[in-house]
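What follows is a short report on a single structure.
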Amino acid sequence: MSLNHFETEAIRIQTERTQFLEHSTPLYLTSSYVFEDAEDMRASFAEEKERNVYSRYSNPNTSEFIEKICKMEGAESGFAFASGMSAVFSTFAALLNSGDHIVSARSVFGSTHTLFTKFLPKWNVSTSYFKIQDVEDIETLIQPNTKIIYAESPTNPAVDVLDLEYLGEIAKKHNLLLIIDNCFATPYLQNPIKFGADLVIHSATKLIDGQGRVLGGVTVGREDLINEIYLFSRITGPAMSPFSAWVLSKSLETLAVRVDKHCDNALKVAQFLEQHNKVNLVKYPFLKSHPQYEIAKKQMKLGGNIVAFEVKGGVEAGRRFLNNIKLASLSANLGDTRTIVTHPASTTHSKLSEDDRLETGIFDGLVRVSVGLENVEDIIGDLNQALDN
Ligand SMILES: *Cc1c(COP(=O)(O)O)cnc(C)c1O
């Protein structure tokens, strides 16, 4: 009998109990740890033994969180960060040298895109971009100094899906690292390492927390790479706080049931929108009409909680729709128990040129819904009344 299914590991992996035999892992709010004697201290600093020394390096709460994510992703090792972006930045900063080159999907999280365009060039790291629709272009973008292929799937906010198996093959063929931001799928729905990813990054702020409370990030994958990332991070200090790790580790115990329900609600919302006469286009990975439906089915357990759709009537119609919303929140977050709607063309992606926006699938009337855990009839009722008004 197998006692290590996803849900079981998420609930049963925990740090050793203290002398109080607590049932649930306590919060270890301590910045440092004591040594038994001079020899213990010497051996610990010489890294001859694995133990906690200082919470910038490790802490029982962060270790528990990392161990769970590693199990869920099928990864050898990992490190936890204060936010998703500190995970993204530290991963690149640890692995890249001046002169290196990245090949990235055009549609990545906005701050990641700004990191590529504004900050990595300061260290002479350049990036070339491929369109999701022209994934075959990747090979033409590879240069002698290319080191990393980087992508997210499903993408934000257009909910496109990239073939991870294909990316894995290209990376292997050209001896490049494949790094996947798996935030939208969560470790429950998709495991990029199975398809050849060397590292997987998560913003734990989204569905992993799932209740809009704390920020967090994590990178997991090949041990040799994580060792580099660990050394960089232990020196530069982007570590996740023990409190956030404690919260997030508990969140993981309910990840499977929450995400199942999120996906169930999202599919119903997508089906409702698809038949609405004020809606042009609905994008949801598990709708048959999705351009990459077959790929989504191959690599994802369920379709996720993000639905994108286009309101007829362009930017103005998109804004009007948002103003008519009564139940859902207008917020920059996603993956929360509370349903959230955003209008990327007038907010998060308003600084992009119209061409760049259209190229990444952000039509003027595009609305992104992060479907929450409210009763789905209430969520659909709210969207329906906002469309009809
Ligand atoms: C939110 C997000 C991030 C950044 O995470 P933070 O925790 O906000 O720093 C990175 N990638 C994706 C896909 C995200 O949605």
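The values are calculated or read from the model by the stated rules, or taken from the named source; none is laboratory data. Just so we're clear, the structure is a prediction, and the values are computed from it rather than from any experiment. Note that each Cβ is placed from the backbone with ideal geometry, even for glycine, and that neighbours are counted across all protein chains shown. Please note that ligands, DNA and RNA were not included when accessible areas were found on the heavy atoms of the full protein model with its side chains. Shrake-Rupley method; radii C 1.70, N 1.55, O 1.52, S 1.80 Å.
Would you mind stating whether Ser346 is away from the ligand (no atom under 16 Å from the Cβ), assigned by TED's automatic domain parsing to the domain that holds Asn265, without any contact (Cβ under 8 Å) to a residue 12 or more places away in the chain and small (Gly, Ala, Ser)? First the steps, then the outcome.
Numbers: away from the ligand (no atom under 16 Å from the Cβ): yes; assigned by TED's automatic domain parsing to the domain that holds Asn265: yes; without any contact (Cβ under 8 Å) to a residue 12 or more places away in the chain: no; small (Gly, Ala, Ser): yes.
So Ser346 does not fit the description; no.
Report whether or not Pro154 is more than 16 Å from the ligand (Cβ to nearest atom) and of a type outside the set (D, E, K, R). Before you say what the answer is, go through the steps one by one.
On the way: more than 16 Å from the ligand (Cβ to nearest atom): no; of a type outside the set (D, E, K, R): yes.
Criteria not met by Pro154.
Test of understanding: among Ile138, Ile180, Ile170, which residue is without any contact (Cβ under 8 Å) to a residue 40 or more places away in the chain, within 15 Å of the ligand (Cβ to nearest atom) and among the hydrophobic types (A, V, I, L, M, F, W, C)? Full working, then the answer.
Working: Ile138 fails: within 15 Å of the ligand (Cβ to nearest atom); Ile170 fails: within 15 Å of the ligand (Cβ to nearest atom).
Among Ile138, Ile180, Ile170, only Ile180 is without any contact (Cβ under 8 Å) to a residue 40 or more places away in the chain, within 15 Å of the ligand (Cβ to nearest atom) and among the hydrophobic types (A, V, I, L, M, F, W, C).
Can you pull out every residue in the stretch 76-125 that is under 14 Å from Pro238 (Cβ atoms) and of a type in the set (Phe, Trp, Tyr)?
Across the stretch 76-125, the qualifying residues are Phe79, Phe81, Phe89, Phe92.
Is it true that some residue in the stretch 117-133 is open to solvent by 30 Å² or more (accessible area, probe 1.4 Å), of a type in the set (Phe, Trp, Tyr) and in contact (Cβ under 8 Å) with a residue 40 or more places away in the chain?
no
Checking Arg106 against (1) open to solvent by 10 Å² or more (accessible area, probe 1.4 Å); (2) of a type outside the set (Phe, Trp, Tyr); (3) more than 30 Å from Leu358 (Cβ to Cβ): exactly one of these is not met. Which one?
For Arg106, the failing item is (3).
Out of Ala317, Ala245, Ala328, which single residue is at negative phi, within 16 Å of the ligand (Cβ to nearest atom) and surrounded by 15 or more Cβ atoms within 10 Å (Cβ to Cβ)? Walk me through it before giving the result.
On the way: Ala317 fails: within 16 Å of the ligand (Cβ to nearest atom); Ala328 fails: within 16 Å of the ligand (Cβ to nearest atom).
Just one listed residue meets the conditions, Ala245.
Find the residue count for the stretch 332-389, including only residues that are closer than 16 Å to Gly110 by Cα, assigned to a loop (DSSP other than H, G, I, E, B) and of a type in the set (S, T, N, Q).
Adding up the residues that qualify gives 6.
Go through the stretch 108-117 and report how many residues are among the small types (Gly, Ala, Ser) and at pLDDT 90 or above.
Here the count works out to 1.
Just checking, which of Gly196, Gly221 is away from the ligand (no atom under 15 Å from the Cβ), surrounded by 20 or more Cβ atoms within 10 Å (Cβ to Cβ) and not assigned by TED's automatic domain parsing to the domain that holds Asp260? Give the derivation first.
On the way: Gly196 fails: surrounded by 20 or more Cβ atoms within 10 Å (Cβ to Cβ).
Result: Gly221 is the single residue among Gly196, Gly221 that is away from the ligand (no atom under 15 Å from the Cβ), surrounded by 20 or more Cβ atoms within 10 Å (Cβ to Cβ) and not assigned by TED's automatic domain parsing to the domain that holds Asp260.
Which members of the stretch 118-132 meet the condition of being modelled with pLDDT of 95 or more and part of a helix (DSSP H, G or I)?
Lys118, Phe119, Leu120, Pro121, Lys122, Trp123 - these are the residues of the stretch 118-132 that are modelled with pLDDT of 95 or more and part of a helix (DSSP H, G or I).
Quick check on the stretch 81-97. Is at least one of its residues part of a loop (DSSP other than H, G, I, E, B), within 23 Å of the chain's Cα centre (by Cα) and touching a residue at least 60 places away in the same chain (Cβ under 8 Å)?
Our first condition is that a residue be part of a loop (DSSP other than H, G, I, E, B); within the stretch 81-97, this holds for 82-83, 96-97.
Subset that is within 23 Å of the chain's Cα centre (by Cα): 82-83, 96.
Among the residues that remain, those that are also touching a residue at least 60 places away in the same chain (Cβ under 8 Å) are: 82-83.
Checked the stretch 81-97: at least one residue is part of a loop (DSSP other than H, G, I, E, B), within 23 Å of the chain's Cα centre (by Cα) and touching a residue at least 60 places away in the same chain (Cβ under 8 Å).
So which strands (runs of 3 or more DSSP E) stay within the stretch 181-292 end to end and still have 2 or more residues that are at pLDDT 95 or above and within 20 Å of the chain's Cα centre (by Cα)? Steps first, please.
Working: elements: 199-203, 217-221, 279-283.
The strands (runs of 3 or more DSSP E) meeting that bar are 199-203, 217-221.
What about Ile138, is it of a type in the set (A, V, I, L, M, F, W, C), farther than 21 Å from Phe243 by Cα and assigned to a helix (DSSP H, G or I)? Step through it out loud before you land on a result.
Details: of a type in the set (A, V, I, L, M, F, W, C): yes; farther than 21 Å from Phe243 by Cα: yes; assigned to a helix (DSSP H, G or I): yes.
In short, yes.
Limited to the stretch 81-100, what total is found for residues that are within 12 Å of the ligand (Cβ to nearest atom) and among the polar types (S, T, N, Q)? Talk me through it step by step, then tell me what you get.
At the first step, the residues of the stretch 81-100 found to be within 12 Å of the ligand (Cβ to nearest atom) are 81-91.
From what is left, the residues that are among the polar types (S, T, N, Q) are 83, 86, 90-91.
Going through the stretch 81-100 one residue at a time, the tally reaches 4.
Residues in the stretch 313-328: is at least one in a helix (DSSP H, G or I) and under 22 Å from Cys183 (Cα atoms)? Break it down stepwise before answering.
If we filter the stretch 313-328 for residues that are in a helix (DSSP H, G or I), which is where we start, we get 314-324.
Those left that are additionally under 22 Å from Cys183 (Cα atoms): none.
No, there is no match, as no residue in the stretch 313-328 is in a helix (DSSP H, G or I) and under 22 Å from Cys183 (Cα atoms).
Going by what's in this entry, would Phe65 be described as under 21 Å from Ile235 (Cα atoms) and either in contact with a strand residue (DSSP E or B) (Cβ under 7 Å, 6 or more places away or on another chain) or β-branched (Val, Ile, Thr) (or both)?
yes
Determine whether Val103 is touching a residue at least 60 places away in the same chain (Cβ under 8 Å), within 16 Å of the ligand (Cβ to nearest atom) and under 19 Å from the mean Cα position of the chain (by Cα). Step through it out loud before you land on a result.
Working: touching a residue at least 60 places away in the same chain (Cβ under 8 Å): yes; within 16 Å of the ligand (Cβ to nearest atom): no; under 19 Å from the mean Cα position of the chain (by Cα): yes.
Taking the combined requirement at face value, the residue does not satisfy it.
Out of the residues in the stretch 63-80 that are in a helix (DSSP H, G or I) and within 15 Å of the ligand (Cβ to nearest atom), state the one that is surrounded by the fewest Cβ atoms within 10 Å (Cβ to Cβ). Steps first, answer last, please.
Let us first name the residues in the stretch 63-80 that are in a helix (DSSP H, G or I), namely 63-73.
Pick out the ones that are also within 15 Å of the ligand (Cβ to nearest atom) and you get 65, 69.
Numbers: Phe65: 30, Ile69: 24.
Looking at the filtered set, the residue picked out is Ile69.
Being within 14 Å of Thr62 (Cβ to Cβ) and in contact (Cβ under 8 Å) with a residue 24 or more places away in the chain, is that true of even one residue in the stretch 256-264? Please lay out each step first, then the result.
Residues of the stretch 256-264 within 14 Å of Thr62 (Cβ to Cβ): none.
No, that holds for no residue.
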